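All of the numbers you see were taken from the coordinates with simple rules; none came from a lab. Model, not experiment: these values are computed from the prediction. Quick reminder, even Gly has a Cβ in these numbers, built from the backbone with ideal geometry, and neighbours come from all protein chains shown.
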Amino acid sequence: MKDGKIAQEQDFMDNLQFMQQLGIVSSPENVGIIDVMYKAFAKGDIPNVLSALDPNIVWNEAENFPYADNNPYIGPDAVLNGVFARVGGDWDNFTLVDLKLHDMSNNYVLATGRYQGKYKKNGASINAQMSHLWQLKNGKAISFQQMVDTKHVSEAIKK
């Protein structure tokens, strides 16, 4: 102020927060949220996994994957009953290994790794390359897209 007038004005802005709001830069918490989900899944703590999903999550299994028959699964209950319960019923020791998480723009997180497990009906094992693309908003997963070597999985189921 000078002589009762504004002589200089200066604004302060959190550019990182602004860029996150625009979706140009992802929230730094996203990878941690997805990491906690995978760790809960590995322990069999499905309630914790489901709690990280938005009530209206849009979940898509890979085309030609056995559980893609009801794509898209909308909401945590649909994911629980249409995917997780079926995986638990069909496979022994179903796990994700060599998991790597990659932070991406627009609040996406890419997970890469491998599925391993033994199909209960015939004892056939899988070791299939997979990736999951997650999108988050306000700390919750709002979309999921699975990509996997469906030929490998289908062959194990048919043996």
field: Rel. contact order, % - alpha carbon contacts under 8 angstrom, at least six apart, segment 27-158
entry: 25 percent
- prompt: Kyte-Doolittle mean at least -0.5 and Cα extent at least 15 Å along the axis: which DSSP H helices of the chain qualify?
  reply: 30-43
- prompt: How long is the gain from VAL87 to ALA7 if the chain were fully straight, where each residue apart is worth 0.36 nm and the alpha carbon distance is subtracted?
  reply: 22.0 nm
query: What ranking do 29-35, 40-46 get when scored by the average of other Cβ atoms within 10 Å per residue, highest first?
result: 29-35, 40-46
query: Amide H of ASP149: which non-local residues (sequence gap of 5 or more, or other chain) have their own amide H closer than 5 Å, using H built in the peptide plane?
result: GLN129
query: Once every DSSP H run of n ≥ 4 in the chain is given -39500 (n - 2.57) and the sum is divided by its residues, what mean residue ellipticity at 222 nm do you get, rounded to the nearest 500 deg cm²/dmol?
result: -8000 deg cm²/dmol
message: Can you match Rg and Dmax of the Cα atoms in Å to one of these, [x] 15.3, 54; [y] 20.9, 88; [z] 14.3, 41, based on a calculation from the structure here?
response: [y]
message: Exceeding 27 Å between C-alpha atoms, which entries from my cross-link table qualify? They are LYS43/LYS158; LYS39/LYS158; LYS120/LYS151; LYS100/LYS159; LYS39/LYS140; LYS39/LYS159.
response: LYS43/LYS158; LYS39/LYS158; LYS100/LYS159; LYS39/LYS159
Residues whose placed amide H lies under 5 Å from that of SER143, excluding near-sequence neighbours: VAL58, GLN135
- prompt: Remind me, relative contact order of segment 107-159 in percent, using alpha carbon pairs under 8 angstrom and six or more residues apart?
  reply: 34 percent
field: Check: the chain dipole with +1 on Lys, Arg Cβ and -1 on Asp, Glu Cβ, in debye
entry: 600 debye
